[in-house]
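Participant: Got a structure for you, written out below as structure tokens; questions coming shortly.
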Amino acid sequence: MSDPLVIFTPSGKRGTFPVGTPILTAARQLGVDLDSVCGGRGICSKCQITPSFGDFPKHGVTVHQDALSEWNSVEQRYDDKRGLIEGRRLGCQATVQGDIVIDVPATSQVHKQVVRKEASTRPIILDPATRLYLVSVDEPDMHEPTGDLERLKRALENKWNINDVESDLKVLHQLQKSLRKGEWTVTVALHRPDHGPQRVIDVWPGFFEGPLYGLAIDLGSTTIAAHLCDLTTGDVLTSAGLMNPQIRFGEDLMSRVSYVMMNPGGDVEMTNAVRAAINELTETLATQGDIDPKHIVETVFVCNPVMHHLLLGIDPVELGQAPFALATSEVLELPASDLDLTAMHQSARVFILPCIAGHVGADAAAVALSEAPDQSDELTLVVDVGTNAEILLGNKEKVLACSSPTGPAFEGAQISSGQRAAPGAIERIEINPVTKEPRFRVIGSDLWSDDPDFTSETASTGITGICGSGIIEAVAEMRMAGLLDPSGLIGSAEQTGTDRCIVDGRTHSYVLYDGSAHDGPVITVTQGDIRAIQLAKSALYAGARLLMDQMGVETVDRITLAGAFGAHISPKHAMVLGMIPDAALDKVTSAGNAAGHGARIALCNRQSRIDISKTVRAIEKVETAIEPKFQEHFVNANAIPHKTDPFPTLRS
Ligand code: FES
């Protein structure tokens, strides 16, 4: 009689196996994606499968009720203790008895797809670099004088076929105690780098099911934003951010480089400041997520080149002058302790995405990972809006990248009433083109300012200022309402027909909110604010336009606005302002914090770390600082929306 046929779904993989073969073994032999931490001991429950019975004409089999072995004592014990979902079996315990169809549920797959809250973001296939393995280690023997570590390595090789393992001194400090406490059975967290030996991160006595955690950190010049992720599910437990404390040394990147040039040791001060902030942020996230920070075993950083160097403790001076040489542009993988990141696990690993060029950093690489323009048929412009804008343009054929110094105006800095996007900040604005009267919405309230209940909704915070997306809308609405001329000059009360345009020194300001009705501050848009936004938007447009020149195109198929606040920018207002090139509005979409999402992909999926290195090597870099055309584009983009670009789609 021939051996029974085993068919796995959804993979469709099939093969014949002798009666008595555990389903986990059959899965392994066929290369089916079925998880296991305990290696078949019936402890971890990662190997759960769902057998199907009945006729399966599609597969050409009939599965009888006795096609799998009956529950054994291990399964029964597991079910009594922790409960198995009805219809499920443990793949390591159930054995083949006849032809059978086995479904591997998504939760039992090693490379499971992380469920996304944000439908617009690229899916993540969970396969983190750090994984857990349960092993039984031979006890020491007088006749075989090998060390505990050597026997642990041998056990990993015998049980899991892992044969190139290293450990550092911190792990050796714990190893002997863990082995003896676990009576020679331990759970090992192994970190798998892109190449070279795997590294022991920790050893726990007996079975340790985790969870293990990781941080995805977008280290920006102005803000540091981080997600705390569960590495066993890929879920974001919590997110938090704080101001980059380096701001006190200079608001933008070049002023920080200048600080180092003028103050010997300034780089060390800034390195210490940012590392302390990351430790603080780690503790905040752990408290928010109600976890032990010592279970954070991985951290991925994305950042611009200056932040990259300062995080690593490398003098950034070379990045302030042509040819903008990076100390290294390759991916970096190192112990967190090398960066004084002491709040997390003592053997945690840090992964830093590759930089694209001296002015185009690992944050742009993360955007490329998240938005994947290199896999698109459409010519896609991705603009990650921040203090420094990262801009990518490309499709399957070719991808170009540059960065553009937009300054902090888009983040609410350098704006008279500007503030970070936080409750109380005005974020949405409309100005009636006839009456010139504004209405607005603040963060933390769903109501517009002309709603009778608006005051009580905002009572806890008051109206405190205007954030980046708010100032963009304010300027665009002022232009559409005729309060601004194309050069960006605010008109007088006589010219505009509204008393909201007040004299402010030698220029005029527009009173957006007079404060009196709700006992708040007066919030105006000043001529200085308009100029700051003009400079920022001109830099952004000029960068995009430069890439279009290099690509030899006049239009793009799609525009993606990304960045911590890029997601909140209204495409219409961005185009009225001339921040981005002309395009049909339905072709302009938001991608949220693409750099942060790219960091999360790299945190949760090991293969993506390898892929992004190849992608970055293929990206062509364009250096805005030395391209004469950039200045020309910048000057022409100062007008609102533009001096020479007719923006035909916008006007139609
Ligand atoms: Fe761990 Fe089956 S492999 S319970």
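The values are calculated or read from the model by the stated rules, or taken from the named source; none is laboratory data. Note that the structure is predicted; figures quoted are calculated from it, not measured. Note: ideal-geometry Cβ built from the backbone for every residue, glycine included; neighbour counts use all protein chains shown. Only protein heavy atoms, including side chains, enter the accessible area calculation; ligands, DNA and RNA are left aside. Shrake-Rupley method; radii C 1.70, N 1.55, O 1.52, S 1.80 Å.
Participant: Counting Lys and Arg as +1 and Asp and Glu as -1, each charge on the Cβ, what is the dipole of the chain about the Cα centre in debye, to the nearest 20?
Facilitator: It comes to approximately 720 debye.
Participant: Related question: How big is the Kirkwood radius of the stretch 45-185, worked out from every pair of different alpha carbons and given in Å to one decimal?
Facilitator: Its Kirkwood hydrodynamic radius stands at 19.0 Å.
Participant: Next question. When the helix-only estimate is applied to the chain (DSSP H runs of n ≥ 4, each -39,500 (n - 2.57), divided by the residue count), what is the mean residue ellipticity at 222 nm, nearest 500 deg cm²/dmol?
Facilitator: Value at 222 nm, helices only: -8500 deg cm²/dmol.
Participant: May I pose another question? By how many degrees, 0 to 90 and rounded to 10, does the Cα axis of helix 266-289 deviate from the longest principal axis of the chain?
Facilitator: Helix 266-289 sits roughly 60 degrees off the main axis of the chain.
Participant: Once amide H atoms are built 1.01 Å from N in the peptide plane, which residues 5 or more positions from residue 412, or in another chain, come under 5 Å H to H?
Facilitator: It is 468, by chain and number.
Participant: Nearest 10 degrees, 0 to 90: what angle lies between the long axis of helix 594-604 and the longest principal axis of the chain (Cα atoms)?
Facilitator: 10 degrees
Participant: Pairs of Cα atoms under 8 Å, at least six residues apart: use those to get the relative contact order of the chain, whole percent.
Facilitator: The value is 11 percent.
Participant: At what distance in angstrom do the alpha carbon centres of the stretch 600-630 and the stretch 184-198 lie from each other?
Facilitator: 28 Å
Participant: Loop-only GluC sites (Glu not before Pro) in the stretch 1-92, please: DSSP not H, G, I, E or B, and at most 12 other Cβ atoms within 10 Å.
Facilitator: Those satisfying the criteria are 70, 86.
Participant: What does the net charge come to around residue 533 if you take all other residues with beta carbon closer than 13 Å to its beta carbon, with K and R at +1 and D and E at -1?
Facilitator: Residues near residue 533 contribute -1 overall.
Participant: Would you kindly compute the Cα radius of gyration of the chain and its largest Cα-Cα separation (Dmax), both in Å?
Facilitator: Gyration radius and largest Cα-Cα distance of the chain: 29.0, 101 Å.
Participant: Hand me the GluC sites (Glu not before Pro) from the stretch 134-242 located in a DSSP loop with no more than 16 other Cβ atoms within 10 Å, in residue order please.
Facilitator: Values: sites: 150, 157, 166, 183, 209; in loops: 183, 209.
The qualifying sites are 183, 209.
Participant: Residues with beta-carbon under 9 Å from that of residue 234, excluding residue 234: net charge, scoring Lys, Arg +1 and Asp, Glu -1?
Facilitator: 0
Participant: If you roll a 1.4 Å probe over the heavy atoms of the protein chains, what accessible area per residue do you get for the stretch 99-252, in Å²?
Facilitator: Heavy-atom accessible area per residue stands at 45 Å².
Participant: Under 19 Å between alpha carbons, and skipping anything fewer than 8 positions from residue 13 in its own chain: which aspartates and glutamates qualify?
Facilitator: Cross-link targets: 3, 33, 35, 55, 99, 103.
Participant: In a shell of Cβ-Cβ distance under 10 Å around residue 613, excluding residue 613 itself, what net charge do Lys and Arg (+1) and Asp and Glu (-1) give?
Facilitator: For residues surrounding residue 613, the net value is 0.
Participant: Also: May I ask for the angle, rounded to the nearest 10°, between helix 362-371 and the longest principal axis of the chain, with both axes built from Cα atoms and the value confined to 0 to 90°?
Facilitator: On a 0 to 90 degree scale, this one is about 80.
Participant: Taking trypsin sites (Lys or Arg not before Pro) as candidate sites, keep only those in a DSSP loop with at most 15 other Cβ atoms within 10 Å, then name the longest stretch of the chain containing none of them. Working shown, then result.
Facilitator: On the way: sites that count: 58, 116, 117, 396, 398, 506, 643.
Longest run free of exposed loop sites: 118-395.
Participant: Using Cα-Cα distances under 8 Å and only pairs 6 or more residues apart, what relative contact order does the stretch 5-108 have, in percent?
Facilitator: Dividing the mean separation by the residue count of the stretch 5-108 yields 41 percent.
Participant: List the residues, sorted by chain then number, that are 5 or more residues from residue 488 or on another chain and whose placed amide H is less than 5 Å from its amide H.
Facilitator: It is 640, by chain and number.
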